[in-house]
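The values are calculated or read from the model by the stated rules, or taken from the named source; none is laboratory data. Just so we're clear, the structure is a prediction, and the values are computed from it rather than from any experiment. Glycine gets a Cβ as well: all are built from the backbone with ideal geometry, and neighbour counts include every protein chain shown.
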Amino acid sequence: MVRKKAETQKEVVKLNKKKILLFLSIAIGLLLALSFIINFWYIPFKGTSIPEFAEEPDFEQILTPQELQADLDQLKHDLTAVHPNTSQGLPQQLEEGFTAAQDEANGEMTVGDFSIMASKLVCMLGDAHTSVSLGLADSLLPADIKVIEGRLYALAGMNLNPGDEILALGGVTTAEILDFAQQVIPAENPYWRQYRLSSILTKAAFNQMGAKMDGNDIVAEIKRSGEASSVTLTFGQSFSRPVPGDKKQFVLGDDTSYGYYLDTENSVCHFKLSTCQYTQDYLDFLKAMFEEIQDKGIENMVVDIRGNPGGHSGVVDEFLRYIDTDTYKSYGCTRRMSKAAAEQRGYIVSWGQFTNKPNQWKTSKATEQLFSGDIYALVDGGTFSSGNWFGVILQDNNIGTIVGEPTGNAPNSYGDVLLFQMENSKLRYAISYTQWVRPDETRAEDIALYPDYPVNYTIDDYVQGRDLAMEEVMRLIREGQ
């Protein structure tokens, strides 16, 4: 009788264990299903719908206080609804900035001047991808300016010689121009501001800086060959730019933003990628390039992404298909959902956020043409967005050696922009809705991709057309580094 009771108890225990296991299996299944459903919500499946803005802003148009206030409200609403850094409301500095701007917008103002005000606001987010259009070519200063150690030099320009140092423009000093640039160029580091300086020097900008102008003319105080003098520049006037000194005969794709040159004597392939365009032509181009690299027995690859403003990060993944590596760690991200993201990117939901941590990817290797030689990447202050991504992937995975100057983009940054246009001023603006996380999370605080081998240019180097970064790569190749 006792034995039967014990056996009954054992059967009850077994039954309970089965029930518990069944319950746990169902619970885990439900959690996995829920996770899949939630993640499915965040998969863009309706297709992208990029806004088309037919009307261009007229930077001379006069806006009323009511129009100014309405456009400020629109900008504030969109920043609050879209940007990853505003999910808990605007940062205090930006909130105070909008209050001050609304107080200032109590009289008439040109669209050009208002664009400066709006740009100062978005700059407070410290996000180089979130920006407001500042002006058109017909209002730009006719000069290509380079910032070197806090000084401004002309590389080209109307009435300017390469190497002229610019001391002041319309009475506005170099220090004042650089301070203004810090306020209106959205950036994560000074390298991007320096690279972008020429693009924001508009007539409206100098008007904001209190420069003395005569119509479209402004007087530049310069130092030429050690002597001080002055010349007159006219906003919007065209000027000749120096032809790049690289005389290599590059093999170009149908899209001339990429090409390659084989230096068989030194066993080097110089691959230039000016923008990140992920197209069928790019895929065909890579295949042809790596086929010739293999045929010629090339042992060194130089990926030149200087001045590359970005585009599609898929160009990096496709490049890595031809590199003899099994896996690589790619970027993680946090995406914020919004009505605008749903409309422009095709998501099902318009709220919340989802996060993917940096993770290992298995390389989808090309069946042939695998390159196992040394890889070097050339970068500078114009290496940005997906261009910067290219360099970061190479460095963080120890696939390539980085040479040049710090890039214009923080490896951990915002991006993936949505586009908007203000109702009254017609100013266009872009707002990031994604925060990217670099593969090497121990270097999350870096404000740029820092080269393994940095180079520093002087104005004489630019005038003489010296390529110090390429010279450094050739030194590393010769010394086997």
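Considering Ile62, Ile116, Ile145, the condition of being of a type in the set (Val, Ile, Thr) and in the same structural domain as Ala168 (by TED's automatic domain parsing) is satisfied by Ile145 alone.
Within region 430-437, is there a residue that is closer than 19 Å to Val147 by Cα and surrounded by fewer than 19 Cβ atoms within 10 Å (Cβ to Cβ)? Give the derivation first.
Looking only at region 430-437, we keep the residues that are closer than 19 Å to Val147 by Cα, and these are none.
No.
What residue, among those in region 252-267 that are farther than 18 Å from Arg475 by Cα and exposed (fewer than 13 other Cβ atoms within 10 Å of the Cβ), is nearest to the chain's Cα centre (by Cα)? Within region 252-267, the match that is nearest to the chain's Cα centre (by Cα) is Thr256. Among the criteria (1) out of contact with any Lys or Arg (no Cβ under 9 Å at 6 or more places or on another chain); (2) in a helix (DSSP H, G or I); (3) surrounded by fewer than 21 Cβ atoms within 10 Å (Cβ to Cβ), the one Phe114 does not fulfil is (3).
Screening Asp324 against (1) out of contact with any Gly (no Cβ under 6 Å at 6 or more places or on another chain); (2) modelled with pLDDT of 95 or more leaves a single unmet condition, (2). Scan region 349-360 for residues that are under 14 Å from Tyr331 (Cβ atoms) and surrounded by 14 or more Cβ atoms within 10 Å (Cβ to Cβ) and jot them down. Correct list: Asn356, Pro358. Looking only at region 75-109, how many residues end up being touching a residue at least 40 places away in the same chain (Cβ under 8 Å), surrounded by fewer than 18 Cβ atoms within 10 Å (Cβ to Cβ) and over 23 Å from the mean Cα position of the chain (by Cα)? Looking only at that region, the number is 3.
Condition test on Glu343, is it part of a helix (DSSP H, G or I), modelled with pLDDT of 95 or more and surrounded by fewer than 16 Cβ atoms within 10 Å (Cβ to Cβ)?
Numbers: part of a helix (DSSP H, G or I): yes; modelled with pLDDT of 95 or more: no; surrounded by fewer than 16 Cβ atoms within 10 Å (Cβ to Cβ): yes.
Answer is no for this residue.
Annotation: Thr334 fulfils all but one of (1) part of a strand (DSSP E or B); (2) under 20 Å from Asn398 (Cβ atoms); (3) of a type in the set (Ser, Thr, Tyr); the unmet one is (2). Taken over region 434-481, the residue count meeting the criterion of being hydrophobic (A, V, I, L, M, F, W, C) and closer than 30 Å to Phe354 by Cα is 6.
Taking region 285-304, which residues are among the acidic types (Asp, Glu) and either surrounded by 16 or more Cβ atoms within 10 Å (Cβ to Cβ) or assigned to a helix (DSSP H, G or I) (or both)? Break it down stepwise before answering.
Step one: of region 285-304, the residues among the acidic types (Asp, Glu) are 291-292, 295, 299, 304.
Those that are among the acidic types (Asp, Glu) and either surrounded by 16 or more Cβ atoms within 10 Å (Cβ to Cβ) or assigned to a helix (DSSP H, G or I) (or both): Glu291, Glu292, Asp295, Asp304.
For region 1-104, which fully contained helices (runs of 4 or more DSSP H) count at least 2 residues that are of a type in the set (A, V, I, L, M, F, W, C) and either modelled with pLDDT of 95 or more or touching a strand residue (DSSP E or B) at 6+ places or on another chain (Cβ under 6 Å) (or both)?
The helices (runs of 4 or more DSSP H) meeting that bar are 65-82, 92-104.
Mind listing whichever residues of region 380-401 are closer than 23 Å to Asp324 by Cβ, of a type in the set (Val, Ile, Thr) and crowded, with 24+ Cβ neighbours inside 10 Å? Passing the criteria: Val392, Ile393.
Condition (residue is over 30 Å from Asn161 (Cα atoms) and surrounded by 17 or more Cβ atoms within 10 Å (Cβ to Cβ)) applied to region 451-467: is it met by at least one residue?
The first filter runs over region 451-467 and keeps only residues over 30 Å from Asn161 (Cα atoms), leaving 451-453.
Among the residues that remain, those that are also surrounded by 17 or more Cβ atoms within 10 Å (Cβ to Cβ) are: 451.
Looking through region 451-467, at least one residue is over 30 Å from Asn161 (Cα atoms) and surrounded by 17 or more Cβ atoms within 10 Å (Cβ to Cβ).
Of the residues that sit in region 409-429 and are over 27 Å from Asp446 (Cβ atoms) and not aliphatic (A, V, I, L, M), which one is surrounded by the most Cβ atoms within 10 Å (Cβ to Cβ)?
Within region 409-429, the match that is surrounded by the most Cβ atoms within 10 Å (Cβ to Cβ) is Ser425.
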